[in-house]
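Worksheet: the structure to be examined is printed underneath.
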Amino acid sequence: SAAFLQGKPISREVFIKPPKEAETTSLWKLLKCIYGLVDGPRKWYEEIRDTLENLKMTVSIHDESLLFYNVEGKLEGIIALHVDDLLFSGNENFLNVVIPALKAKFRLSSEMDTNFVYTGLTVTQKSSSILLSQSKYTEQLSEIPIDPQRFNDNTRKLSDKEMAEMRSACGALLWIATQTRPDVSYGTCVASNSFSTGTVADLKSVNKTIKYAKKNPLVISFPRLNLVNNELRLLIFCDASFANLKDGSSQGGFILFLVDASGKCAVITWQSKKIKRVCKSTLAAECWDMIEAIASGEIALAQIKEILGNLTMKCVCFTDCKGVHTRGL
C-alpha cells in the first residue's frame, strides 16, 4: 500500500534491491516502511493517529481505530480506520475543519459519499436509514463440485483438494457471516469445525449454506434512531445448542440490538461459534453462551456511552432456557 510511505520513518535499517528501471547496482536504504514489512501498518497508524490527535480528535479507549471530534463536550465528527481506508461522518464544522487538514497532510486516492463500497461492503445512505450489504460478493460464491460417484457416500473422507476447496469456501462464508449475514453464521460455524474430519456430508452442508446465501440476499438496515437519554435500550438474544458439533462441543450464538423508545432497532453485533468451555449439559451450554453474550453487551454499552455521552441505558438479555429462569441464574 502506498499509504505506508506516508507513515512515520522506519525505526530499523532495511536495504532493498532497486527495480530494474532504476538502472543502478546500488542498494537502497529505506526511510519509510513499504508494503510487506511487518511494521508498515503500525508506522502508518501512528502517523495518521498523531495527525488526527493534533486536529483535536480523541482515540476511543475501547477501539484504537475509532476517533472522535468533540467540541465543548458535543460529538461533531467520527472517523473509523481500516488500515488506509477511512470512514468518516460529521457536521459542517467537522467537514470544514478536520477533513481539509487531513487531505492536506496525506495523499488520498479517492473520496466517495452517500453510496459507495467500503472494504467490500456496499453502503447506501438514505434520509431515514443506512443500508449495508454484500450482495455482489455473495453472488460470486460458487458451490464445490462433488464427484457423482461419491455424492451418496456421506461418510467418505474428503480428498486434499476437496478439503482445500472447503476451507476456501468456509473462509468466504465466514467473511459475509461476520459482516452482513447473521443468518448464515450457524452453518458457517458448523462447517468450520469439520476440517479435521471432513466428509462428503460436510461438503454438502457447505454447498447448502452457499446456495441459501445466494438465493436469499440480505440487506441490513440501520434506521435513524431517536437518541433520547434514558430511553435507549440494548437488547440481547442468546441461544445455545448442546453437543451439536462433530467433536461433541457445543455451539452458542447471540445478537445485540440498540432500540429506541419507539421500538426502532439497529443491530449492533452478532456471533455464532463453538463454546470454548467443555459443557456437560444443556444448562451449562446456555449459561456459558449467556455469559459471553452479556460480556459483548457490556463492551457495546461502553462504546455507545463513549460515543453518545455518559447516558443511562438498560441492557436486557433474553434466553429461552427454562433452567436459567427456574434456577434464578
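With a 1.4 Å probe and all protein chains left in place, how much of the accessible area of the chain comes from carbon and sulfur atoms, in whole percent? Display every interim value, and only then the final one.
On the way: 10440 of 19460 Å².
After summing per-atom areas, the C and S share lands at 54 percent.
Against the 2.2 N^0.38 Å scaling, with N counting residues, where does the chain land? I'd like the Cα-based Rg ratio to two decimal places. Please report the intermediate quantities before stating the final value.
Working: Rg = 24.0 Å, N = 329, 2.2 N^0.38 = 19.9 Å.
So the Cα radius of gyration is 1.20 times the expected 2.2 N^0.38 Å.
Using the empirical formula 2.2 N^0.38 Å as the baseline, the Cα radius of gyration of segment 212-319 reaches a ratio of 1.22. Near Arg42: Cβ cut-off under 14 Å, other residues only, Lys/Arg at +1 and Asp/Glu at -1. The net charge is -1. When segment 191-296 is described by a simple charge dipole with +1 on each Lys and Arg Cβ and -1 on each Asp and Glu Cβ, the residue from Asn207, Ala261, Ala293 located farthest towards its positive end is Asn207.
Taking loop as defined by DSSP and a crowding limit of 11 other beta carbons within 10 Å, which GluC sites (Glu not before Pro) in segment 90-150 fit?
Numbers: sites: Glu92, Glu111, Glu139, Glu143; in loops: Glu111, Glu143.
Within segment 90-150, the qualifying GluC sites (Glu not before Pro) (loop, at most 11 other Cβ atoms within 10 Å) are Glu111.
Treating r as the C-beta distance of Thr58 and Phe318 and R0 as 35 Å, the FRET efficiency rounds to 0.55.
Taken over segment 260-329, the percentage of Cα pairs per 10 Å bin, counting from 0 up to the bin with the maximum distance, is 15, 43, 30, 12, 0. The slack between Thr25 and Val219, meaning 0.36 nm per residue of separation minus the straight C-alpha distance, is 64.3 nm.
Per-residue extension of 0.36 nm, minus the Cα-Cα distance of Glu231 and Ile130, leaves a gain of 34.2 nm for this segment.
Calculate the tail of P(r) for segment 171-258: the fraction of all Cα-Cα distances greater than 14 Å, expressed in %. In whole percent, the share of Cα-Cα pairs in segment 171-258 beyond 14 Å is 71.
The gain in end-to-end length when the Asn96 to Glu111 segment is fully stretched comes to 3.9 nm, 0.36 nm per residue minus the alpha carbon separation.
The values are calculated or read from the model by the stated rules, or taken from the named source; none is laboratory data. Remember, it's a predicted structure, so these values are computed and weren't measured experimentally. Positions of Cβ are backbone-derived with ideal geometry, glycine not excepted, and every protein chain shown enters the neighbour counts. Keep in mind that these areas ignore ligands, DNA and RNA; they rest on the heavy atoms of the full protein, side chains included. Shrake-Rupley method; radii C 1.70, N 1.55, O 1.52, S 1.80 Å.
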